[in-house]
Amino acid sequence: MSQIEQILQERILVLDGAMGTMLQRYNFSEEDFRGSRFKDWPQSLKGNNDLLSLTQPKALAEVHSKYFEAGADIVETNTFSGTTIAMADYGMEELVYEMNYESAKIAKAVANEFTLRNPEKPRFVAGSIGPTNKTASLSPDVNDPGFRAISFDELREAYKEQVEALLDGGADILLVETVFDTLNAKAALFAIEEVKEARNITVPVMVSGTITDASGRTLSGQTPEAFLISVAHLPILSVGFNCALGAKQLTPHLEAIATKADFFTSAHPNAGLPNAFGEYDETPEEMAAQIKEYLEKGLVNIVGGCCGTTPDHIKAIADLVGNYQPRKFVIPV
C-alpha cells in the first residue's frame with residue numbers, strides 16, 4: 001500500500017485550486033511567455049500556460065507555494081495541455097517532454113520543501129493529464145458523423161510521452177482529469193499501464209471526469225454511473241469529478257458514484273458557474289459552505305478546486321476538512 005493510500009484511510013486530503021486563475025494575475029505579456037529562449041518563435045505564444053514551466057518557473061513555484069501554505073496536501077503540475085496533440089497549436093510538439101519534466105520538477109521541489117518543514121503533513125505532486133483538444137468518440141464535423149480527428153493509438157502515444165516525463169520529473173500521482181470523453185481517458189490510462197509495466201513500478205492514478213451541463217452527462221454522453229463502470233476495471237486510486245460545474249451543482253453526480261465506487265473519491269469543482277464575462281464570483285466562504293455538504297454526507301476522500309478557485313478558496317476548504325471523517329468504503333482485497 002502506498003503512503004498516500006495509507007493517509008487517505010485516515011483523513012481527507014486537499015487538492016490545490018486553479019493554476020490558470022493564479023497565472024492570469026501575473027498579466028504575462030507575449031514577451032513574458034516567450035522569454036529569451038523563444039523570442040523569435042514564429043507563432044504567437046501568449047496563452048500557452050504550459051510553456052511557462054520553461055519561461056517563468058519562479059511564478060509556477062510561487063503558485064505551488066501559495067497553495068501549500070493554504071493547506072493543500074497535493075498540487076497539480078502545470079501540464080494540462082502537455083501533449084503533442086495540444087502543443088501542435090503552437091508548433092511545440094518537440095518540447096512536450098521537457099515541459100512536463102520541468103513542471104513536475106518545479107512542483108516536486110516545492111513539495112519537498114514543505115514536507116521538510118512539517119514531516120507530519122507530507123506534500124504530494126499530481127501530474128496533471130488533460131483531455132487534449134480532440135475527441136476520439138465524437139465527430140467534429142456535423143456533416144460526417146463517422147469522422148474522427150484522432151485515433152486511440154495516437155492519443156495513447158501522446159499520453160505515454162507525457163506520463164514518462166511527469167514520472168521522470170518526480171510526480172507522485174498521475175491525475176487524468178477533466179475527462180469529457182472516456183475513450184480519451186482510456187487511452188491515457190492504457191498509456192499509464194504500459195509505462196508502469198515497462199518500468200516495473202506502481203503509481204497511484206486519479207481519474208476525474210467532467211459533467212458538462214444540466215443533463216448530468218459527460219460530453220460523450222455517459223451518466224456518472226456509466227463513467228464509473230468504464231474505468232472501474234483499472235487499478236486506480238480514486239475516481240471523481242471536476243470543472244464545468246460549481247460544488248452545489250456537482251453534488252448529485254458525486255453522490256451517484258460515491259455510493260458505488262470501491263476506491264477513493266475526489267471532487268474539485270469550479271468556484272460556482274461563470275458569469276456573463278466568463279469569470280467566477282463564488283467566494284471562498286460560499287464555496288466552503290457547499291463543500292461542507294460533501295463532508296457531512298461522507299462523499300469524498302480528496303477535495304479541492306478547479307476554475308476560479310484561489311489559495312483563499314483552498315484555505316477555506318482545508319480549514320473545514322479536519323473536522324470530518326473521510327468517505328468509507330470496503331477496499332477490495
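Quick check on my filter: what residues within region 36-75 are under 24 Å from GLU113 (Cβ atoms) and small (Gly, Ala, Ser)? SER53, ALA59, ALA61, SER65, ALA70, GLY71, ALA72 - these are the residues of region 36-75 that are under 24 Å from GLU113 (Cβ atoms) and small (Gly, Ala, Ser). Any residue at all in region 188-198 that is within 18 Å of the chain's Cα centre (by Cα), in contact (Cβ under 8 Å) with a residue 60 or more places away in the chain and within 26 Å of CYS307 (Cα to Cα)? No, because not a single residue in region 188-198 is within 18 Å of the chain's Cα centre (by Cα), in contact (Cβ under 8 Å) with a residue 60 or more places away in the chain and within 26 Å of CYS307 (Cα to Cα). Could you go through region 128-147 and let me know if any residue there is more than 28 Å from LEU219 (Cβ to Cβ) and surrounded by 22 or more Cβ atoms within 10 Å (Cβ to Cβ). Within region 128-147 (the criterion being more than 28 Å from LEU219 (Cβ to Cβ) and surrounded by 22 or more Cβ atoms within 10 Å (Cβ to Cβ)), the answer is no, since none of the residues qualifies. The numbered conditions (1) modelled with pLDDT of 95 or more; (2) over 18 Å from the mean Cα position of the chain (by Cα) are all true for ALA214 except (1). Considering region 110-124, the residues that are surrounded by 15 or more Cβ atoms within 10 Å (Cβ to Cβ) and in contact (Cβ under 8 Å) with a residue 12 or more places away in the chain include one that is nearest to PHE80 (Cα to Cα), namely PHE124. For region 273-332, the candidate set comprises residues that are of a type in the set (Phe, Trp, Tyr) and either part of a loop (DSSP other than H, G, I, E, B) or touching a Pro at 6+ places or on another chain (Cβ under 7 Å) (or both); within that set, the residue that is surrounded by the fewest Cβ atoms within 10 Å (Cβ to Cβ) is PHE277. Tell me, which residue of region 1-40 that is surrounded by 13 or more Cβ atoms within 10 Å (Cβ to Cβ) and among the hydroxyl-bearing types (Ser, Thr, Tyr) is modelled with the highest pLDDT? Here the residue is TYR26. Return yes or no: is GLU164 surrounded by fewer than 21 Cβ atoms within 10 Å (Cβ to Cβ), on the phi < 0 side of the Ramachandran plot, more than 20 Å from the chain's Cα centre (by Cα) and assigned to a helix (DSSP H, G or I)? For GLU164, the condition - surrounded by fewer than 21 Cβ atoms within 10 Å (Cβ to Cβ), on the phi < 0 side of the Ramachandran plot, more than 20 Å from the chain's Cα centre (by Cα) and assigned to a helix (DSSP H, G or I) - is not met.
Would you mind stating whether ASN100 is within 24 Å of LEU52 (Cβ to Cβ) and without any contact (Cβ under 8 Å) to a residue 24 or more places away in the chain? When the stated conditions are applied, ASN100 does not pass them.
The values are calculated or read from the model by the stated rules, or taken from the named source; none is laboratory data. Computed from a prediction, not measured in an experiment: that's the story for all the values here. In this analysis, Cβ positions are derived from the backbone assuming ideal geometry, glycine residues included, and neighbour counts consider all displayed protein chains.
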